[in-house]
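Participant: One structure is given below, represented as structure tokens, and several questions about it will come after.
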Amino acid sequence: MNIEQLKGIGPKNQALLHKLDINTVEDLLGYYPYRYSFINIINLNEATSTEPIYVKGTIATVPKVSYIRKNFNYLSFVATVNEKLVNVKIFNRAFLKNILTVGKAIVLLGKYDYLKNSFMASEIKFNVQDKSIEPHYHLISGLKESMLIKWVDTALAQNLNIADHVPDYYNEKYEFIAKKDAVNLIHRPRTMADIKKAKLKLIYEELFDYTFKINVLKLKNEKVLGLKHQFNREEITDFLANLTFKLTEDQVTAIEDILNDMQDEKRMNRLVLGDVGSGKTIVAIISALANYLSGYQTAFMAPTEILAKQHYETIKNYFANTNLKLLLLTGHMRAKEKQAAYAKIQNHEVDIIIGTHALINDNVVFAKLGLVVIDEQHLFGVKQRNALQEKGNVGPDVLYLSATPIPRSYALCLYGDLDLSLIKTKPHRRKEVITKVKKEKEIKDVLFKMLEEIKAGHQIFVVSPLIDESEESNLNSVKKLQEKLNTAFNNQVNISIIHGKMKQTEKDTIMNDFLAGEIKILISTTVIEVGIDIPNATMMVIFNAERFGLAALHQLRGRVGRNDLTSYCYLISDHDNARLKVMEESTDGFYISEKDFEQRGQGDLFGIKQSGDITFKLANIKNDHKILFQASQDSAQFLKSEAYLANPYYQKILDDIMFLD
């Protein structure tokens, strides 16, 4: 049933829903709430000054709007709450002024200050039932939550037949509720138990579906023949002997795994999983050398143009004394440059082609593609990866690189279709980043250290969790931090900001200026590119560090210490959070990842939220790891027993993956 058939959804609202990939009523019902408000209205006398509360009141005076600056206002009025007159203030709700008439009943959410007899509200609600549960959905500009709630209610009233993808045997074994009931309860729960029952069913289904596909891919990969590379290992040994550093034991093992794969007739499909700074790039370079010695071309795809350029310069230096020819291909090249590049690739005038998504372009025709290297593989969707590896006449070997140091057991569930090489040990030439947790009142110590690093000619990253100042919290923002640091350094230091709302061209310009050393302090959200290499950056300062998961903090810390200089990471937080002490204790990404999983902290799997192919509607890998492992075992058994033959949904998945290109 198409979404436009639902009452109340016109062309304008259809366009908004399409942006959320909601095209049918089924899609709408599959757009689950991301959190809930448990409404428990209490008496003002029961309130504490630290916890947000719901109270019922009545407007006693005409609300007044006051402007602090443009786009920053607050609404203030007096309300009668439990027969007591209370001063109420709420930020950026000027649009409510005409609705909040004297005598109107309201429900306030916020914090009450006894001494000032004031209520700092974060929300004002109407017609709210006590002891109810309110769902909250991710929204986009122009889409109100009240509209979405109304449409979901209308969709639920249609009583549609919702397909259940969990095989009957497992539904019975685990006593799951029906899919239809789970969808109803996830949107309109009456109790916490309703949410738990619904989530358990829907999360299991999601992970069963995902791990089934992974297991099918694994089965397919076992049967796919590739290129049997022929090269002289002595030439590789000679190349390694001329390196200016010694490889770690893990790097040697990974290289050995890859060379054995390449000399086998089965197509290589391997993931090198290594911590930040563990030396994955040299492993990929040796792979490209073996491919070149076999007479084939290598395609090396990076997620951003800056990272592609860095790889180009690095690889060029390694092969400076060889006949191997390199080419950089990016989307921002001029048309003539691209045409010339396409011709060189097709005529085999170049051996290693490094680029971004531009490598997937239909105009790119390889003469003899033998190896595909994909850096930060989780940033590319399955279709993008397949599009590149299908460029060869015979399926080329594929090597994935990832700086996401997750535990091996999790990796085998998430990447079960790939052979896995782990690089845990870091090169001996790298120094450990000195990490310290500081409170806001100790910021002067941090500022003195920043000035010391700048005077030494070094550069600094500063990270904030927000772009603009939040009126409902005291979190720092990139703009607010820029003002503060300019004041602290008397406008004598070149400070710039970068965030996700900027155009890619703007971000590239700023990152290039930072790389060139023109910008001394770069204030950023977590948009800092994974893997970006600024050798001169020796300090990372992260404000409101408690807002980030340990994996995210570790990824951010990995932007410094990429040289032989002593580097520092300061975590600024006023929260007495023992979790952050883990960062002081260790720089081992695998250890930190284990701790992150144990603590089940908030944050996404890859540390810095990215659009990748592993995205789930409800499942959270840290929180739902037990379900992940069980679903993985169950789906493997389901596939092995051929029970899928009686299930059209899973039979189609297997047919599509196994028999269709």
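The values are calculated or read from the model by the stated rules, or taken from the named source; none is laboratory data. This is a predicted model, so every value here is computed, not measured. Glycine also receives a Cβ, built like all others from the backbone with ideal geometry; neighbour counts cover every protein chain displayed.
Participant: Could you tell me whether any residue of the stretch 593-606 is at pLDDT 80 or above and outside any loop (DSSP other than H, G, I, E, B)?
Facilitator: Scanning the stretch 593-606, I find no residue that is at pLDDT 80 or above and outside any loop (DSSP other than H, G, I, E, B), so the answer is no.
Participant: If the Cβ limit is 7 Å and pairs must be 6+ apart or interchain, which residue in the stretch 8-23 that is over 13 Å from residue 137 (Cβ atoms) pairs with which residue that is among the hydroxyl-bearing types (Ser, Thr, Tyr) and surrounded by fewer than 18 Cβ atoms within 10 Å (Cβ to Cβ)?
Facilitator: Correct list of pairs: 8/154.
Participant: Quick one: is residue 115 of a type outside the set (Lys, Arg) and out of contact with any strand residue (DSSP E or B) (no Cβ under 7 Å at 6 or more places or on another chain)?
Facilitator: Yes: the conditions hold for residue 115.
Participant: Taking the conditions exactly as written (out of contact with any strand residue (DSSP E or B) (no Cβ under 9 Å at 6 or more places or on another chain), in a helix (DSSP H, G or I) and among the acidic types (Asp, Glu)), does residue 238 satisfy them or not?
Facilitator: Against the criterion (out of contact with any strand residue (DSSP E or B) (no Cβ under 9 Å at 6 or more places or on another chain), in a helix (DSSP H, G or I) and among the acidic types (Asp, Glu)), residue 238 qualifies.
Participant: Also, I was wondering about something else. Just one of the numbered conditions (1) among the polar types (S, T, N, Q); (2) over 29 Å from the mean Cα position of the chain (by Cα); (3) part of a loop (DSSP other than H, G, I, E, B); (4) closer than 20 Å to residue 420 by Cβ is not true of residue 278; which one?
Facilitator: Every listed condition holds for residue 278 apart from (2).
Participant: Another question, if that's okay. Yes or no: the stretch 532-549 includes at least one residue that is more than 25 Å from residue 404 (Cβ to Cβ) and at pLDDT 85 or above.
Facilitator: Yes: the stretch 532-549 contains one or more residues that are more than 25 Å from residue 404 (Cβ to Cβ) and at pLDDT 85 or above.
Participant: Follow-up. Find the strands (runs of 3 or more DSSP E) located wholly in the stretch 60-127 whose residues include 1 or more that are under 42 Å from the mean Cα position of the chain (by Cα) and under 21 Å from residue 47 (Cα atoms), and list them.
Facilitator: Counting at least 1 such residues, we get 72-81, 84-91, 105-113, 118-125.
Participant: Any idea which of (1) surrounded by fewer than 23 Cβ atoms within 10 Å (Cβ to Cβ); (2) farther than 17 Å from residue 426 by Cβ; (3) modelled with pLDDT of 85 or more is the one residue 578 doesn't satisfy?
Facilitator: Of everything listed in (1) surrounded by fewer than 23 Cβ atoms within 10 Å (Cβ to Cβ); (2) farther than 17 Å from residue 426 by Cβ; (3) modelled with pLDDT of 85 or more, residue 578 misses just condition (3).
Participant: Looking at 159, 171, 221, which one is surrounded by fewer than 20 Cβ atoms within 10 Å (Cβ to Cβ) and at pLDDT 95 or above?
Facilitator: So the residue among 159, 171, 221 that is surrounded by fewer than 20 Cβ atoms within 10 Å (Cβ to Cβ) and at pLDDT 95 or above is 171.
The rows are residues; the columns are (1) out of contact with any strand residue (DSSP E or B) (no Cβ under 6 Å at 6 or more places or on another chain); (2) among the hydroxyl-bearing types (Ser, Thr, Tyr); (3) over 30 Å from residue 149 (Cβ atoms); (4) at pLDDT 95 or above.
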site: 182; (1), (2), (3), (4): yes, no, no, yes
site: 189; (1), (2), (3), (4): no, no, no, yes
site: 195; (1), (2), (3), (4): yes, no, no, yes
site: 199; (1), (2), (3), (4): yes, no, no, yes
site: 211; (1), (2), (3), (4): yes, yes, yes, no
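Participant: Which of the residues belonging to the stretch 227-251 are surrounded by 13 or more Cβ atoms within 10 Å (Cβ to Cβ) and under 32 Å from the mean Cα position of the chain (by Cα)?
Facilitator: 247, 248, 250, 251, listed by residue number.
Participant: Looking at the stretch 182-198, can you tell me whether even one residue there is outside any helix (DSSP H, G or I) and among the charged types (D, E, K, R)?
Facilitator: yes
Participant: Quick one: residue 135 ticks every box in (1) more than 20 Å from residue 72 (Cβ to Cβ); (2) assigned to a strand (DSSP E or B); (3) touching a Ser or Thr at 6+ places or on another chain (Cβ under 7 Å); (4) not hydroxyl-bearing (Ser, Thr, Tyr) bar one, so which box is it?
Facilitator: (3)
Participant: Go through 50, 80 for me and flag whichever is of a type in the set (Ser, Thr, Tyr) and closer than 14 Å to residue 100 by Cβ.
Facilitator: 80
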